[in-house]
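Engineer: The following block contains the structure, expressed as structure tokens.
The values are calculated or read from the model by the stated rules, or taken from the named source; none is laboratory data. From a predicted model like this one, the values you see are computed outputs, not experimental measurements. For neighbour counting, all protein chains shown are included, and Cβ atoms are generated from backbone atoms with ideal geometry for every residue, glycine included. Please note that ligands, DNA and RNA were not included when accessible areas were found on the heavy atoms of the full protein model with its side chains. Shrake-Rupley method; radii C 1.70, N 1.55, O 1.52, S 1.80 Å.
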Amino acid sequence: MRTLKKLLIPLLIATLFPGIITAQRVSEYLNRGIVAVKKDSKTTFVSWRMLLDDPQNISFNVYRALNGKTEKLNAEPITSVTFFVDSTANPNETYSYTVKSVLNGKEAETDGIARVAGKTANYLAIPISPPPGGDVYGSKYTYSANDASVADLDGDGEYEIILKWDPSNAKNPPQKGFTGNQIIDAYKLNGKRLWRIDLGINIRSGAAYTQFLVFDFDGDGKAEMACKTADGSVDGTGQIIGDKSKDWRTKDEKDPKYGKIADGPEYLTVFDGLTGAALATTDYIPTRYPLDGWGGIGGNGGNDNTASRSDRFTACVAYLDGNLPSIVMVRGWYGRSVLAAYDFRKGKLSKRWVFDSAMPEWKNYSGMGNHSLSVADVDNDGKDEVCIGAMTVDDNGKGLYTTGLRHGDALHLADLDPDRPGLEVFGVHESEERTVALQTPGVAAFDARTGEILFGQSPGVDVGRGVAADIDPRHRGFENWGGPGGLRDVHGKTISQKTPPSTNFAIWWDGDLLRELLDKNYIDKWDWEKEEAVRLLTAEGCVSNNGTKATPCLTADILGDWREEVLWRSDDNKELRIYTSTIPTSYRFVSLMQDSQYRLSVAWQNVSYNQPPHTSFYLGEGMKTPVRPALKVNKKGK
């Protein structure tokens, strides 16, 4: 009887609480992430991370050093925040700052050192080296820094930056013509370049093509980089992938595929994060064929055989086994969508599963893909699902649900409604040409676990952009805007006919729990009483990416306290600048990068039409103290 109880009790717990008994996720090791920047000409703002392993009663001391002389700055240990404003430093000197944690009256030896980043500006400047431009069949081009990601490539607990360079003649898939090669670099925060990967002539450049993922896929404590490659791709050590003699580009100017790559092998390669060396390469799944097999009811409901719809990609990282992350590559948005999941373990790439909406059992999933995607554990079983827009695939590679809402551009998956169990999805949807008659809602929200539609509005209206974020404390949960209907509450009810002037990114920047508005090279605060935007920051000398999308290189909690940083490029492409908030806050949270959903959001942020990251818990006005995730911090690479 006692033995039977031992067997039944865990089974009962697993049935009632499916998220409890699971494999524990392995999370990257992070150091304290100390950053010191000028708040103004007289004061320096020092901030650092609260970490997953820190007890709630941990406190901190801050020290300032110059020419071998060190002095403690705080009279009592800092207990409720993870920042310090130094107003006693000589503005003409460059100091270094040390943070030491204090637990039960005992001070740690050191938690890290940071030098003041600049004389007057609240950013870290990272020098970068643009690739040389060129000329391809009469099309001259230069390079601009584009999308970026961050990961710990060497295991020291500090993030490195992985940067994609776009040639000025980059193309969208419908456009004819040649492009310069797609280049990817890796940099230390001090500007040291670790490697440069040239994807070669058989990978076309443009937002829809190269989706690169940077994560510690094999759990060795150091991150790898994965992306689509082809014959002639060159790794970070100069080694060639495939057959370097092959040129698969279409050269007939009369051919609608002119300048495109519509033939030849396609590969998926995992690169060493520290050296850029190709570690493993396999065939990319699925192939592009048939070229006219990717149309459907999404977008304008059309089709083509010109290597347009067949060359639309997204990608993500997901914990499909609840323990180590997997690579998920996605092909197809408007009609057929194929998700292929791979594991990188012990130096080898292996296929985990393939989901193909062309299969009869998944036919209702066609046409539901976005220009973006999101990853979350929507059913609370400890394993991640992949939502590619209006449909979601379960961790086992089977369809979880399809909403029928069709293709859209913007997607936000989070705990939008804190009074409702689980996660929700808000998105906008396209209706063009022949699909207007379908009267699909232009904006809608649905339950992230079941696909139940919570509200839908503006049938048949083509809505290109939309945002969900908590920007008004008078209304519970996330507000949303985009398309007709003004500013709406979490239930879709209009609360104001006026909306924020931007419908782009959201960022936690100032000291409260509301999110701010990020667009182009500036950050605004929504004044909900005056119904207008108030400028908080303009990044002078910086520019945004991706044309009218006007997105930054990256937003993430890269350094310091729980607020997010923005990574922009300088207008001369000579440096990246990490802007960090110097506004005091009364809140102290574990680094957002140690929330698994948020961390995975940063990994997929660079794909196609970039979208801002979200946490797995409600972070907004009236929030509860977040439950610390059950992650296993990996210190192998340390």
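Engineer: Being of a type in the set (D, E, K, R) and open to solvent by 10 Å² or more (accessible area, probe 1.4 Å) is the filter here; which residues of segment 329-349 pass it?
Structural biologist: Restricting attention to segment 329-349, the residues satisfying the condition of being of a type in the set (D, E, K, R) are 331, 336, 343, 345-346, 348.
Within segment 329-349, Arg336, Asp343, Arg345, Lys346, Lys348 qualify.
Engineer: State yes or no: is Gly511 at positive phi, open to solvent by less than 30 Å² (accessible area, probe 1.4 Å) and either among the polar types (S, T, N, Q) or part of a loop (DSSP other than H, G, I, E, B) (or both)? Reasoning before the result, please.
Structural biologist: Details: at positive phi: no; open to solvent by less than 30 Å² (accessible area, probe 1.4 Å): yes; either among the polar types (S, T, N, Q) or part of a loop (DSSP other than H, G, I, E, B) (or both): yes.
No: the conditions fail for Gly511.
Engineer: Which ones in segment 568-584 are within 19 Å of Ala506 (Cα to Cα) and touching a Pro at 6+ places or on another chain (Cβ under 6 Å)?
Structural biologist: Trp568, the sole residue that qualifies.
Engineer: Give me the pairs, please: first residue somewhere in segment 234-254 and more than 21 Å from Gly177 (Cα to Cα) and free of Cβ contacts under 8 Å to residues at least 12 places away in the same chain, second residue anywhere and surrounded by 14 or more Cβ atoms within 10 Å (Cβ to Cβ) and not hydroxyl-bearing (Ser, Thr, Tyr), beta-carbon distance under 7 Å, and either six or more positions apart or on two chains.
Structural biologist: Ile240/Gly232; Ile240/Val234
Engineer: A further question follows. Anything in segment 350-390 that is of a type outside the set (A, V, I, L, M), in a loop (DSSP other than H, G, I, E, B) and buried (at least 19 other Cβ atoms within 10 Å of the Cβ)? List them, or say none. Before the answer, list the steps.
Structural biologist: Taking segment 350-390 as the starting set, the residues that turn out to be of a type outside the set (A, V, I, L, M) are 350-353, 355-357, 360-367, 369-372, 374, 377, 379-385, 387, 389.
If we keep only those that are in a loop (DSSP other than H, G, I, E, B) too, we end up with 357, 366-367, 377, 379-384.
Listed by number, the residues that qualify are Ser357, Ser366, Gly367, Asp377, Asp379, Gly382, Lys383, Asp384.
Engineer: Considering every residue within segment 416-429, establish whether at least one is of a type outside the set (Phe, Trp, Tyr) and under 15 Å from Val338 (Cα atoms).
Structural biologist: Keep residues of segment 416-429 that are of a type outside the set (Phe, Trp, Tyr), which gives 416-425, 427-429.
Those left that are additionally under 15 Å from Val338 (Cα atoms): none.
Checked against the condition, which is being of a type outside the set (Phe, Trp, Tyr) and under 15 Å from Val338 (Cα atoms), segment 416-429 yields no hits at all.
Engineer: Tell me, which strands (runs of 3 or more DSSP E) lie completely within segment 391-472 with 3 or more residues that are open to solvent by 10 Å² or more (accessible area, probe 1.4 Å)? Even if it seems obvious, please write down each step before you answer.
Structural biologist: Values: elements: 391-393, 399-402, 411-414, 424-428, 441-447, 453-459, 467-469.
Hits in segment 391-472: 399-402, 453-459.
Engineer: Which one of these does Asp166 not meet: (1) outside any loop (DSSP other than H, G, I, E, B); (2) surrounded by fewer than 21 Cβ atoms within 10 Å (Cβ to Cβ)?
Structural biologist: Looking at each condition in turn, Asp166 falls short on (2).
Engineer: Residue by residue through segment 221-256, note down the ones that are surrounded by fewer than 16 Cβ atoms within 10 Å (Cβ to Cβ) and touching a Lys or Arg at 6+ places or on another chain (Cβ under 8 Å).
Structural biologist: Passing the criteria: only Pro256.
Engineer: Would you call Asn546 open to solvent by 40 Å² or more (accessible area, probe 1.4 Å), within 24 Å of the chain's Cα centre (by Cα) and either polar (S, T, N, Q) or closer than 21 Å to Leu413 by Cβ (or both)?
Structural biologist: Values: open to solvent by 40 Å² or more (accessible area, probe 1.4 Å): yes; within 24 Å of the chain's Cα centre (by Cα): yes; either polar (S, T, N, Q) or closer than 21 Å to Leu413 by Cβ (or both): yes.
The answer is yes for Asn546.
Engineer: For segment 76-84, indicate whether the set of residues that are part of a loop (DSSP other than H, G, I, E, B), touching a residue at least 24 places away in the same chain (Cβ under 8 Å), over 27 Å from Asp595 (Cβ atoms) and more than 33 Å from the chain's Cα centre (by Cα) is non-empty.
Structural biologist: Step one: list which residues in segment 76-84 are part of a loop (DSSP other than H, G, I, E, B), which gives 76-77, 79-82.
Among the residues that remain, those that are also touching a residue at least 24 places away in the same chain (Cβ under 8 Å) are: 77, 80-82.
Within this subset, residues satisfying the condition of being over 27 Å from Asp595 (Cβ atoms) are none.
Checked segment 76-84: no residue is part of a loop (DSSP other than H, G, I, E, B), touching a residue at least 24 places away in the same chain (Cβ under 8 Å), over 27 Å from Asp595 (Cβ atoms) and more than 33 Å from the chain's Cα centre (by Cα).
Engineer: Given Asp198, Asp154, which one is under 25 Å from Arg309 (Cα atoms), touching a residue at least 24 places away in the same chain (Cβ under 8 Å) and open to solvent by 10 Å² or more (accessible area, probe 1.4 Å)? Outline the logic, then answer.
Structural biologist: Details: Asp154 fails: under 25 Å from Arg309 (Cα atoms).
Of Asp198, Asp154, the one residue that is under 25 Å from Arg309 (Cα atoms), touching a residue at least 24 places away in the same chain (Cβ under 8 Å) and open to solvent by 10 Å² or more (accessible area, probe 1.4 Å) is Asp198.
Engineer: Name the residues in segment 257-271 that are buried (at least 20 other Cβ atoms within 10 Å of the Cβ), among the charged types (D, E, K, R) and out of contact with any Phe, Trp or Tyr (no Cβ under 8 Å at 6 or more places or on another chain), would you?
Structural biologist: The answer is Lys260, and nothing else.
Engineer: A further question on this structure: Considering only segment 482-502, how many residues are part of a strand (DSSP E or B) and within 21 Å of the chain's Cα centre (by Cα)?
Structural biologist: Of all residues in segment 482-502, those part of a strand (DSSP E or B) come to 487-488, 494-496.
Still in the list and also within 21 Å of the chain's Cα centre (by Cα): none.
Residues flagged as part of a strand (DSSP E or B) and within 21 Å of the chain's Cα centre (by Cα) within segment 482-502 amount to 0.
Engineer: Condition (residue is open to solvent by 30 Å² or more (accessible area, probe 1.4 Å) and β-branched (Val, Ile, Thr)) applied to segment 310-323: is it met by at least one residue?
Structural biologist: Let us first name the residues in segment 310-323 that are open to solvent by 30 Å² or more (accessible area, probe 1.4 Å), namely 321, 323.
Filter once more, so that each one left must be β-branched (Val, Ile, Thr): none.
Checking segment 310-323: not a single residue is open to solvent by 30 Å² or more (accessible area, probe 1.4 Å) and β-branched (Val, Ile, Thr).
Engineer: Something else: Quick one: which residue in Ala307, Ala340 is modelled with pLDDT of 95 or more and farther than 20 Å from Trp604 by Cβ? Before the answer, list the steps.
Structural biologist: On the way: Ala340 fails: farther than 20 Å from Trp604 by Cβ.
Checking each option against the conditions leaves just Ala307.
Engineer: With respect to the numbered conditions (1) in contact with a Gly (Cβ under 8 Å, 6 or more places away or on another chain); (2) open to solvent by 10 Å² or more (accessible area, probe 1.4 Å), which one is the sole condition not fulfilled by Gly298?
Structural biologist: (2)
Engineer: Can you name the residue in segment 84-100 that is of a type in the set (S, T, N, Q) and closer than 11 Å to Tyr63 by Cβ and is also surrounded by the most Cβ atoms within 10 Å (Cβ to Cβ) among such residues? Spell out how you get there, then give the answer.
Structural biologist: Step one: filter segment 84-100 for residues of a type in the set (S, T, N, Q), giving 87-88, 90, 92, 94, 96, 98.
Adding the requirement that they be closer than 11 Å to Tyr63 by Cβ leaves 96, 98.
Numbers: Ser96: 15, Thr98: 21.
This residue is Thr98.
Engineer: Could you say which residue among Ala539, Ala533, Ala550 is on the phi > 0 side of the Ramachandran plot, of a type in the set (Gly, Ala, Ser) and modelled with pLDDT of 95 or more? Write out each step before concluding.
Structural biologist: Details: Ala539 fails: on the phi > 0 side of the Ramachandran plot; Ala533 fails: on the phi > 0 side of the Ramachandran plot.
Exactly one residue qualifies, and that residue is Ala550.
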